[in-house]
1. Taking residue 87 as the residue in question, decide whether it is closer than 30 Å to residue 152 by Cα, touching a helix residue (DSSP H, G or I) at 6+ places or on another chain (Cβ under 6 Å) and touching a residue at least 12 places away in the same chain (Cβ under 8 Å).
2. If I filter the range 90-107 down to residues being without any contact (Cβ under 8 Å) to a residue 60 or more places away in the chain and part of a loop (DSSP other than H, G, I, E, B), which single residue comes out as farthest from residue 71 (Cα to Cα)?
3. Condition first: surrounded by 14 or more Cβ atoms within 10 Å (Cβ to Cβ) and either part of a strand (DSSP E or B) or at pLDDT 70 or above (or both). Can you find one or more residues in the range 20-38 that meet it?
4. Pull up the range 100-129, narrow it to residues that are touching a helix residue (DSSP H, G or I) at 6+ places or on another chain (Cβ under 9 Å) and surrounded by fewer than 17 Cβ atoms within 10 Å (Cβ to Cβ), then point me to the one that is nearest to residue 63 (Cα to Cα).
5. If you take the residues of the range 156-174 that are outside any helix (DSSP H, G or I) and more than 20 Å from the chain's Cα centre (by Cα), which of them is surrounded by the most Cβ atoms within 10 Å (Cβ to Cβ)?
6. Can you tell which of 132, 97, 69, 136 is touching a strand residue (DSSP E or B) at 6+ places or on another chain (Cβ under 7 Å) and either buried (at least 16 other Cβ atoms within 10 Å of the Cβ) or farther than 24 Å from residue 171 by Cβ (or both)?
7. More than 23 Å from residue 53 (Cβ to Cβ) and assigned to a strand (DSSP E or B) - does that describe any residue in the range 116-123?
8. Of the residues 157, 151, which single one is in the same structural domain as residue 70 (by TED's automatic domain parsing) and free of Cβ contacts under 8 Å to residues at least 12 places away in the same chain?
């Protein structure tokens, strides 16, 4: 094979690798998000439409943590700092937010649970997270969260040491609001 052909082949291989790397970079965020939602990796909770029928005697304490980004002048708190929930039991809790500014503000929240391994078993039926929430100046609102802990947790020996799960929310200002 001539040197010219070798150089053309090398250039083509390098271009294919570069295009492949760009494709992986472009697809990595949605693929990572899908991976986290399916596996509960990094404390990502699951989403469910209905609660299980089986309710266990095992009780888990669920604690609530709230944070707000510095550029969002809101007060954001759980109505209860923690609740006791039986594995499989549906629980409804509320969070309150108050806009402390003199103008309408829009925020959105992200969440996670700790320990991370509990994310695969923490299921939310209803949640305000990821939706833009608009609050008029000085107004206050309650946000409901309905959740349960999947009874499949009882079959996972890695979850035997879990007695407390912390559900954390952080509100951020929506850009341009």
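The values are calculated or read from the model by the stated rules, or taken from the named source; none is laboratory data. As the structure is a prediction and not an experimental result, all values here were calculated from the model. Here the Cβ positions follow ideal geometry from the backbone for every residue, glycine too, while neighbour counts run over all protein chains shown.
1. On the way: closer than 30 Å to residue 152 by Cα: yes; touching a helix residue (DSSP H, G or I) at 6+ places or on another chain (Cβ under 6 Å): yes; touching a residue at least 12 places away in the same chain (Cβ under 8 Å): yes.
Answer is yes for this residue.
2. Taking the range 90-107 first, the residues without any contact (Cβ under 8 Å) to a residue 60 or more places away in the chain are 90-94, 96, 98-103.
Those left that are additionally part of a loop (DSSP other than H, G, I, E, B): 90, 100-103.
On the way: 90: 34, 100: 12, 101: 11, 102: 14, 103: 13 Å.
This residue is 90.
3. no
4. Of all residues in the range 100-129, those touching a helix residue (DSSP H, G or I) at 6+ places or on another chain (Cβ under 9 Å) come to 111-122.
Applying the additional criterion that residues be surrounded by fewer than 17 Cβ atoms within 10 Å (Cβ to Cβ) yields 114-116.
Working: 114: 10, 115: 12, 116: 14 Å.
The qualifying residue nearest to residue 63 (Cα to Cα) is 114.
5. Our first condition is that a residue be outside any helix (DSSP H, G or I); within the range 156-174, this holds for 156, 160-174.
Retained after the next criterion (residues that are more than 20 Å from the chain's Cα centre (by Cα)): 156, 160-161, 163.
Values: 156: 13, 160: 10, 161: 8, 163: 9.
Per the criteria, the residue is 156.
6. On the way: 132 fails: either buried (at least 16 other Cβ atoms within 10 Å of the Cβ) or farther than 24 Å from residue 171 by Cβ (or both); 69 fails: either buried (at least 16 other Cβ atoms within 10 Å of the Cβ) or farther than 24 Å from residue 171 by Cβ (or both); 136 fails: either buried (at least 16 other Cβ atoms within 10 Å of the Cβ) or farther than 24 Å from residue 171 by Cβ (or both).
Answer to the selection: 97.
7. So in the range 116-123, the residues more than 23 Å from residue 53 (Cβ to Cβ) come out as 116-117.
Among the residues that remain, those that are also assigned to a strand (DSSP E or B) are: none.
No, the conditions are met nowhere in the range 116-123.
8. Working: 151 fails: free of Cβ contacts under 8 Å to residues at least 12 places away in the same chain.
Only one candidate qualifies: 157.
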